[in-house]
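Written out below as structure tokens is the structure these notes cover.
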Amino acid sequence: MWTSALYYSLDGHSLGAGCQQMSGATAFPYIDGIAPYLVNFFQINDFAGAKEKSWQLRYDFNFDDIGLAGLTFMTRHINDWNAQRPNSGDGTE
């Protein structure tokens with residue numbers, strides 16, 4: 001597995017891009033109760049299937065810069081391909 005992310009921030013705005021590629025014949029293993037650090041690991045989908053590749057774009061805004069302390073906004077898009085599913089071939093999440 002390899003995973004990478006880069007972010008650029010300026011005046012409360014932050015733009016990021018990340019990518020992740022899994023290798024091997026099985027999905028990424030988890031130790032019971034411990035979530036791994038993967039750039040594209042999220043509560044709904046983990047994007048960690050066998051041979052799965054994924055990328056993301058992310059935007060954050062910190063409202064401290066306009067006087068609203070403690071308020072932040074974040075949105076992202078993640079896309080994947082080549083996920084190996086048991087008995088069903090390639091798939092996506």
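May I ask you to list the residues in the range 3-41 that are part of a loop (DSSP other than H, G, I, E, B), open to solvent by 80 Å² or more (accessible area, probe 1.4 Å) and closer than 22 Å to F63 by Cα?
Within the range 3-41, D11 is the sole residue that qualifies.
Would you tally the residues in the range 42-58 being open to solvent by less than 70 Å² (accessible area, probe 1.4 Å), of a type outside the set (S, T, N, Q) and assigned to a loop (DSSP other than H, G, I, E, B)? Break it down into steps so the answer makes sense when it comes.
Taking the range 42-58 as the starting set, the residues that turn out to be open to solvent by less than 70 Å² (accessible area, probe 1.4 Å) are 42, 45-50, 52-54, 56, 58.
Within this subset, residues satisfying the condition of being of a type outside the set (S, T, N, Q) are 42, 46-50, 52-53, 58.
If we keep only those that are assigned to a loop (DSSP other than H, G, I, E, B) as well, we get 42, 46-49, 52.
The total comes to 6.
Starting from the range 32-52, take each residue that is free of Cβ contacts under 8 Å to residues at least 12 places away in the same chain and list its partners that are exposed (fewer than 13 other Cβ atoms within 10 Å of the Cβ) and assigned to a loop (DSSP other than H, G, I, E, B), counting only C-beta distances under 7 angstrom and pairs at least six apart or across chains.
What qualifies is F41/A35.
Any idea which of D64, D80 is modelled with pLDDT under 95 and over 22 Å from M1 (Cβ atoms)?
Residue meeting the stated conditions: D64.
The values are calculated or read from the model by the stated rules, or taken from the named source; none is laboratory data. This is a predicted model, so every value here is computed, not measured. Positions of Cβ are backbone-derived with ideal geometry, glycine not excepted, and every protein chain shown enters the neighbour counts. Please note that ligands, DNA and RNA were not included when accessible areas were found on the heavy atoms of the full protein model with its side chains. Shrake-Rupley method; radii C 1.70, N 1.55, O 1.52, S 1.80 Å.
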